[in-house]
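These notes concern the structure reproduced below.
The values are calculated or read from the model by the stated rules, or taken from the named source; none is laboratory data. Please read all numbers here as calculations on a predicted model, not as lab measurements. Every residue, glycine as well, gets a Cβ built from its backbone with ideal geometry; the counts of neighbours run over all protein chains shown. All accessible areas refer to the heavy atoms of the entire protein, side chains included, with ligands and DNA or RNA removed. Shrake-Rupley method; radii C 1.70, N 1.55, O 1.52, S 1.80 Å.
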Amino acid sequence: MATLQKIRSKGLLLTAIIGLALFAFIAGDAWQVLQSHQMRDAGEIDGEAISAQDFQKMVEEYTEVVKLSRGLPSLTDEQANMVNDEVWNAYVNNKLIEKEAKKLGLTVSAAEIQDILTAGVHPLLQQLPFRNPQTGRFDRDMLNQFLVEYAKIDRAQLPAQYVEDYDNMYKYWSFVEKTLYQTRLAQKYQMLVSKSLLSNPIEAQNAFDANANQYDLLLAAIPYSTVADSTLTVSESELRDLYNKKKEQFKQYQESRDIKYIDIQVTASADDRKAIQAEVDEATEQLAAATDNYTSLIRSVGSDVPYVDLYYNRTAYPSDVEARLDSASVGSIYGPYYNGADNTLNSFKIVAKTTIPDSIQFRQIRVIAETPDKTKTLTDSIYNALKNGADFAELAKKYGQTGDNLWLTGAQYENAQVEGDDLKFINAINNAEPNKLMSMSVGQANLIYQITERKAVKEKYKVAVVKRKVEFSKETYNRAYNDFSQFIAANPTVEQMVQHAEEAGYTVLDRRDLYSSEHVIGGVRGTKEALRWVFETAKPGEVSGLYECGENDHMLVVGLVGVNPQGYRSIEQVKEQLRAELIKDKKAEKIIADMKAANATSLDQYKAMSGAVSDSLKLVTFGASAYVPSLHGSEPLISAYASVAEENQLSAPIEGTFGVYALQLYAKNKTDETFDVKEEEQNMINMHVRFANRLMNDLYLKANVKDTRYLFF
């Protein structure tokens, strides 16, 4: 029990976080969707499907791990989407590597995992609470002690909260252990691939020289912008020839969709603003007259900022309130005023201001027995023993706790929902006398605590804030809904929607290459149903129904323009890209012909040509593209030319990315670095490891991965 007491001794707030039900099924809309698709799969890898239910369980598992490790009570939509993607990517990568590892005979032994635990430096281990209090590093002995305790716990004798904490932490550790095996296998596979590309002394010397040898050059360039596009023509045959030459670059490995959509955001009308202003004015009058019970008052007026009867740092309040604190006095009202940053009407009252420590160190012994009477008797016994000189830490250990010093800082409770026992506890710690033994009841337990140090004295405030968002009324929303619904009904095709949108006051937006792995349309939250319609139901030319989305303040309609299937993009789809490349090549041909016709024998003659720019480049290396300030871009050809050029020789015109260049090398230098073959070979090996990571893309394509999560999540 001692190990868990160390976890629990982090304080009430941390205990509450750990107490969250790990791996509990997430009820609600997601499951309703799953039920309607229960016979379908979330995806497929190399012919092996994963059911939506199994994938949902993995998402739930990782969701609770994220919440526990980051101290979050819940995840936002964006965080949930990120978790969904991380779980999918990890699942796919693990499956791909497992298959390759099996072919190669790669495995991960239990001894390897024990070595990782002994080293204690793996990032995953740093997220566990089993850390040495002196070093802050992962402590394997603490983990082992916890596992022994967990195997022996008497579920019938321990309080239910303790048992739940043990179960949650064990599940968290099981997730970490499983992930350690998976990451270790991936590392071994990647290292095997990188070692197959093993560097040698010659390659190492070349790599060193590519960075150690430095060159200084002068250049003259004729930018492509000096030739007007209108002076050049591109034929269909040229487009087709280039398309055939580059066809592999236009291969599409996943299906995508092109859509047009209208997204409208409902905002407050003039009448809505007037009504909210009247409510804020009334709330401000009530706030001005109030002398106590600010918590209930602020709640009753519907403020977005709850009042908590604690002193806060000024930075804990909304930024618009913080900026005005110096302009207000204690007991007076500031406002009402409008804040455009969060679209709110505001007023506030400084209830009190004081100077107190922001950081308080304390130690505690948590006392709980079978009944309240027994808890009180045991509390009195421990309290009296401490009063009579008993050692705090030793007595704490006797009851399965550490008695270690803990810190309570403002940052731990500011901007949190603090009430009930938590509010009572924080107030008690903040107001207690240093070194005096104190006792208080918290839920079914009692706490004996003592303040050991106070520091970081700061000016703090109690501020009652009326903050009301300027929101639209139900009538305003209904009016917008009816107007938009009528527009959609009258324009059931993409062509009609585009044709009549402007006259109806709507703006049509375009999105090409929308993929099913995305979670939103147009950056608007809550558009998964619209995304599902695009990929599961829609046919080209059709327009969807009206989707209510965002923060219940957006309405969306989507029209499917076309489907881009797996395979090669058609020449029509990439024609403009091909045309731009051919135009650039034709400009280069014309500029090179003009430069040759000038019969220039010096760089100055090239500089004198119409539209020419010049530059002096220093410390150019083969290992990195040279940056040309006058053209605002990097040119790899300059780096390549410099590595083989002869000093003071003028180059012939060279076609580059941004123009045609004439180059002249005038100096060669070398850094003071000393060639170390072992170090350089290791650098090359590290580069090969990155190359091994890129091989995952090839494995992905080979496995014909199908991602159908959009049907469910």
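Observations on the model:
- Accessible area per residue, Å², the range 574-621 with all protein chains present, probe 1.4 Å: 56
- Between the range 121-196 and the range 490-547, the alpha-carbon center distance in angstrom: 46
- Apportionment of accessible area to carbon and sulfur, the range 65-208, percent (1.4 Å): 55
- Rounded to 10°, Cα long-axis angle of helix 236-245 versus longest principal axis of the chain: 60
- Long pairs among LYS99/LYS702; LYS246/LYS575; LYS251/LYS706; LYS57/LYS99, criterion Cα-Cα beyond 20 Å: LYS57/LYS99
- About its Cα centre, the range 88-243 has a charge dipole of approximately 720 debye under the convention of +1 per Lys or Arg Cβ and -1 per Asp or Glu Cβ, with nothing else charged.
- Between 0 and 90°, nearest 10: helix 571-597 axis offset from the chain longest Cα axis: 50
- Its Cα gyration tensor gives the chain an equivalent ellipsoid. The semi-axes, each the square root of 5 times an eigenvalue, are 58, 39, 31 Å from largest down.
- Taken about its Cα centre, the chain carries a charge dipole of roughly 1440 debye when the Cβ of each Lys and Arg holds +1 and the Cβ of each Asp and Glu holds -1.
- With the charge dipole of the range 189-295 set up from +1 on Lys and Arg Cβ and -1 on Asp and Glu Cβ about the Cα centre, the Cα lying farthest toward the positive end among the listed residues ASN244, TYR215, ALA289 is that of ASN244.
- Taking a straight Cα-Cα cut-off under 20 Å and skipping sequence neighbours fewer than 8 places away in the same chain, the aspartates and glutamates within cross-link reach of LYS587 are ASP229, GLU236, GLU238, ASP241, GLU576, GLU635, GLU655.
- Taking Lys and Arg as +1 and Asp and Glu as -1, the other residues whose beta-carbon sits under 12 Å from that of CYS549 total -4.
- Degrees, to the nearest 10: 474-490 long Cα axis against longest axis of the chain: 30
- With the whole protein complex present, LEU72 retains an accessible surface near 40 Å², based on a 1.4 Å probe.
- Over the chain, dividing the summed -39,500 (n - 2.57) contributions of all DSSP H runs of at least 4 residues by the number of residues returns a 222 nm mean residue ellipticity of -14000 deg cm²/dmol.
- Neighbourhood charge, 13 Å Cβ-Cβ cut-off, centred on ASP167 and excluding it, Lys, Arg +1 and Asp, Glu -1: -2
- Prolate/oblate/rounded label for the range 595-713 (Cα gyration tensor, a/c 1.5): oblate
- Average accessible surface area per residue within the range 441-517, 1.4 Å rolling probe, Å²: 55
- Low-density loop positions, chymotrypsin sites (Phe, Trp or Tyr not before Pro), the range 464-564 - DSSP coil, at most 15 other Cβ in 10 Å: TYR515
- For SER570, solvent-accessible area (1.4 Å; no DNA, RNA or ligand), Å²: 50
- Each of HIS519, LEU106, ASN405 was placed along the dipole of the chain (beta-carbon charges, centred on the mean Cα), and the one lying farthest toward the positive end is ASN405.
- Surface exposure of the range 86-172, expressed per residue as accessible area with a 1.4 Å probe, stands at 55 Å².
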